[in-house]
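Below is one structure, written out as structure tokens; comments come after it.
The values are calculated or read from the model by the stated rules, or taken from the named source; none is laboratory data. Every value quoted in this text rests on a predicted model; they were computed, and no experiment measured them. Please note: Cβ atoms are built from the backbone with ideal geometry, for glycine as well, and neighbour counts cover all protein chains shown.
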Ligand code: HEM
């Protein structure tokens, strides 16, 4: 569970990240992911334009509902099932999680700190766990 301070930290830091060009944030994320784990590239479409928007929108939806993730439970379960169809395995969630944390760290610059890192780690962990359970 995230406490209110962590929820506020995630929301505040996501607002900052959203002020950067979305394609730049998403591009940074996927570049990091594919540099570290090139074997994942083939799971994604050649043209990533759509993917960028989907990732940013989904993260925004999750961040907006952090106080009440239950309302997203069905969406998360459906998304998790589609991910099985994409060939996503449990071990991939940690890879995506570290690329995401790295991207947030770069994007936030001096606004990144240990509390923010912990809050995002918890947030992603909850999301990844509920996807893996679904
Ligand atoms: C909490 C973690 C994740 C979130 C929020 C997320 C979000 C999304 C969203 C919103 C889509 C758009 C299509 C759909 O909704 O089905 C998508 C597609 C996809 N995701 Fe994820 N994802 C996560 C984890 C992962 C992981 C761990 C992998 C493994 C590499 C992955 C690989 C993919 C692939 C391959 C596609 C489909 C690309 C395509 O063919 O269009 N995702 N993801």
Going through (1) away from the ligand (no atom under 11 Å from the Cβ); (2) touching a residue at least 12 places away in the same chain (Cβ under 8 Å); (3) not in a helix (DSSP H, G or I) one by one, residue 9 fails only at (3)
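When segment 33-51 is examined, which residues are found to be within 13 Å of the chain's Cα centre (by Cα) and under 23 Å from residue 122 (Cα atoms)? Please lay out each step first, then the result.
Of segment 33-51, the ones within 13 Å of the chain's Cα centre (by Cα) are 33, 51.
Listed by number, the list holds a single entry, 33.
Out of segment 74-92, which residues are within 17 Å of residue 41 (Cβ to Cβ) and touching a helix residue (DSSP H, G or I) at 6+ places or on another chain (Cβ under 8 Å)? Spell out the reasoning first.
Let us first name the residues in segment 74-92 that are within 17 Å of residue 41 (Cβ to Cβ), namely 83, 86-89, 91-92.
Answer for segment 74-92, where residues must be within 17 Å of residue 41 (Cβ to Cβ) and touching a helix residue (DSSP H, G or I) at 6+ places or on another chain (Cβ under 8 Å): 83, 86, 87, 88, 92.
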Residue pairs qualifying under the 9 Å Cβ cut-off, at least six apart or on distinct chains, with the first in segment 44-61 being within 17 Å of residue 88 (Cα to Cα) and the second being near the ligand (Cβ under 9 Å from one of its atoms) and assigned to a loop (DSSP other than H, G, I, E, B), are 44/86; 51/44; 51/45
Of 104, 127, the only residue that is away from the ligand (no atom under 12 Å from the Cβ), in a helix (DSSP H, G or I) and modelled with pLDDT of 90 or more is 104
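Given 86, 52, 93, which one is over 16 Å from residue 11 (Cα atoms), crowded, with 17+ Cβ neighbours inside 10 Å and within 10 Å of the ligand (Cβ to nearest atom)?
Numbers: 86 fails: crowded, with 17+ Cβ neighbours inside 10 Å; 52 fails: within 10 Å of the ligand (Cβ to nearest atom).
Among 86, 52, 93, only 93 is over 16 Å from residue 11 (Cα atoms), crowded, with 17+ Cβ neighbours inside 10 Å and within 10 Å of the ligand (Cβ to nearest atom).
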Taking first residues from segment 74-102 that are more than 15 Å from residue 132 (Cβ to Cβ) and second residues anywhere that are within 7 Å of the ligand (Cβ to nearest atom) and assigned to a helix (DSSP H, G or I), the pairs with Cβ under 9 Å that are 6 or more apart or on different chains are 75/58; 100/59; 100/124; 101/124
The correct count of residues that are at pLDDT below 95 and outside any helix (DSSP H, G or I) in segment 21-43 is 1
All conditions in (1) within 11 Å of the ligand (Cβ to nearest atom); (2) touching a helix residue (DSSP H, G or I) at 6+ places or on another chain (Cβ under 7 Å) are true of residue 66 except (1)
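What number of residues within segment 107-123 are away from the ligand (no atom under 15 Å from the Cβ), buried (at least 17 other Cβ atoms within 10 Å of the Cβ) and either modelled with pLDDT under 95 or in a helix (DSSP H, G or I) (or both)? Let's see the steps before the verdict.
Step one: filter segment 107-123 for residues away from the ligand (no atom under 15 Å from the Cβ), giving 107-119.
Restricting the remaining residues to those that are buried (at least 17 other Cβ atoms within 10 Å of the Cβ) gives 107-108, 112, 116, 119.
Now narrow it down to the ones that are either modelled with pLDDT under 95 or in a helix (DSSP H, G or I) (or both): 107-108, 116, 119.
The total comes to 4.
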Of the conditions (1) within 14 Å of residue 14 (Cβ to Cβ); (2) near the ligand (Cβ under 9 Å from one of its atoms); (3) modelled with pLDDT under 95; (4) crowded, with 16+ Cβ neighbours inside 10 Å, the single one that residue 57 does not satisfy is (4)
